[in-house]
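So the structure is just underneath, and the comments pick up after that.
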């Protein structure tokens, strides 16, 4: 009997588990549109978008200029060797070395070839000659490709000329080539022989899209159970695993489909086993889903459960070692990378595709599987603790409820009054305000109608007169500026300003850190720019104008694409924007001076927009913040910009525009001199190092 009883219990448990799976499956496929589309759309979009971007695979047709002082047959043959190569495109002849540099600086060319006077004479006399190759490494993609190809062309040309010279000395052709080129270097690049960028990055970007798609769908799954508690009494681990399974299955199908697009649509080779790739993807999806469950059980609302993992998921590609090798990261960055699923999946998939196998496959699969299992158990434990300690408070089936007493109808019909209890879940104040206002209006209207009928029945007066007696004062609401209280008007402008600020940060910060990298690498002559302060001033002016043009474009799109009207004069908006841009650039000049490389700067600044948006007062007013937090908020330029922009758009004016502009100027006056001093100090230091190396 006990055996049958245990068997029945096990059957009931598995039936409930299957019911959880079916319920989550129903949620995924029965929406309008189905939520499941996101799991397929994100990796496919990443594959198609970046596949088209990297379709060229390698950097070819690099424009180059030539300064030929010799004008000899030999020099022209060298120029022709460069012009015949697929990697380069000849664009112009320079008249001096200064013109070569100018052509690169104005963007006419990315590489320049300088041939000295007496080039032909020196070679034929056996003295040899030097040529100058000048490369613009502002974009490392161009710089690396140009340097690599130049070395190959110059070496081949040098061997050919040497062979001719030796043949003129009566050596046979075979003896001449062996004498000129005694050590033949054969290059064999394994895995990605063409050094193609599609093969290098596309699979990792597809995986990043897959984890974002999973995040956007599964993140609210566990927190939803706190509100409806359909599976009350079920083992939390079964709930977590049951909710994971449908996303895992769809994610695996999406992975196979997206990988087919990468392999067959963009010619990324698949030299390994599909079984290995699918095994790795299965472990990856399990790990990602489990981590997102942990985020979900800690969050009070579905919205926060969707927002909070973004801070974790978005930097995953940078820390994964996919674009920058993990062994060259700092200890802190490597430790952070160990917590990211992409660290164990990106390189592994690329190795399977390009090399045919990955030596770390089984190790990474084990890490992801046991990491996912640990996260599942942690999520289940936190879920159980929240349910236990919240008790009945955690079992919220709805955001609002109305309790009508038993004798409600009797009291109303007998001329008495009755109380109605309205309850709301205050966890989400937005929903609380909306439901409270709506319920209040509905109950007031219902009460007025009953009272009107009662008065008309008792007095014999007309219903219309009775209505005016019951409700002599009727309020008419007029909401100014944002008449519909639409959240698009409320939030969109702020988000646009955050994105605009981040664009300024990335552009200015990258430009400054590139100066450090160029001087450190010895690819830039620091003397060209003269004073570091003049260099910084030129950058500030240049990016200020670009940012103003960008801001005009944002204003145009917000008005014409999103339909948000600008009620204030455009000149006030532009005046405010000009001071904000100056303050933002001053801030990033100071911030970027703390880093030596662009990659370090990007990793440091990527978390800034979330913090700035929170402290800007856009979602929570400054006045309601603790005093200490108000002082912290004053350190962010966005605090004096986003709210004022919203007021100018929606209200047509802002009472504190001049105060905000003054605050922005103060930030600029503090940050720009200090950041400029640090910039000048570092530039001089790097120039001294470069001079000592020479």
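The values are calculated or read from the model by the stated rules, or taken from the named source; none is laboratory data. Computed from a predicted model, the values in this text were never measured in an experiment. Neighbour counts are summed over all protein chains in view; Cβ atoms, including those assigned to glycine, are modelled from backbone coordinates with ideal geometry.
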Response to the item:
Counting only residues in the range 245-268 that are over 28 Å from residue 374 (Cβ atoms) and touching a helix residue (DSSP H, G or I) at 6+ places or on another chain (Cβ under 6 Å), the one surrounded by the fewest Cβ atoms within 10 Å (Cβ to Cβ) is identified as 261
Worksheet item: For the range 320-338, how many residues are under 21 Å from the mean Cα position of the chain (by Cα), modelled with pLDDT of 70 or more and either surrounded by fewer than 13 Cβ atoms within 10 Å (Cβ to Cβ) or assigned to a helix (DSSP H, G or I) (or both)?
Response: 7
Discussion item. Taking the conditions exactly as written (surrounded by fewer than 19 Cβ atoms within 10 Å (Cβ to Cβ), at pLDDT below 85 and under 30 Å from residue 539 (Cα atoms)), does residue 105 satisfy them or not?
Written reply: yes
Practice prompt. Please enumerate the residues belonging to the range 532-588 that are touching a residue at least 12 places away in the same chain (Cβ under 8 Å) and part of a loop (DSSP other than H, G, I, E, B).
Written response: 562, 564, 565, 566, 567, 568
Practice prompt. Name every residue in the range 213-227 that is part of a helix (DSSP H, G or I) and surrounded by fewer than 22 Cβ atoms within 10 Å (Cβ to Cβ), in order of residue number.
Written response: 216, 224, 227
Worksheet item: Residue check, residue 47 against (1) surrounded by 15 or more Cβ atoms within 10 Å (Cβ to Cβ); (2) more than 42 Å from the chain's Cα centre (by Cα); (3) farther than 19 Å from residue 135 by Cα, all met but one. Which one?
Response: (2)
Worksheet item: Does the range 648-658 include one or more residues that are at pLDDT below 80 and in a helix (DSSP H, G or I)?
Response: yes
Practice prompt. Answer yes if at least one residue in the range 81-99 is out of contact with any strand residue (DSSP E or B) (no Cβ under 9 Å at 6 or more places or on another chain) and closer than 15 Å to residue 134 by Cβ, and no otherwise.
Written response: yes
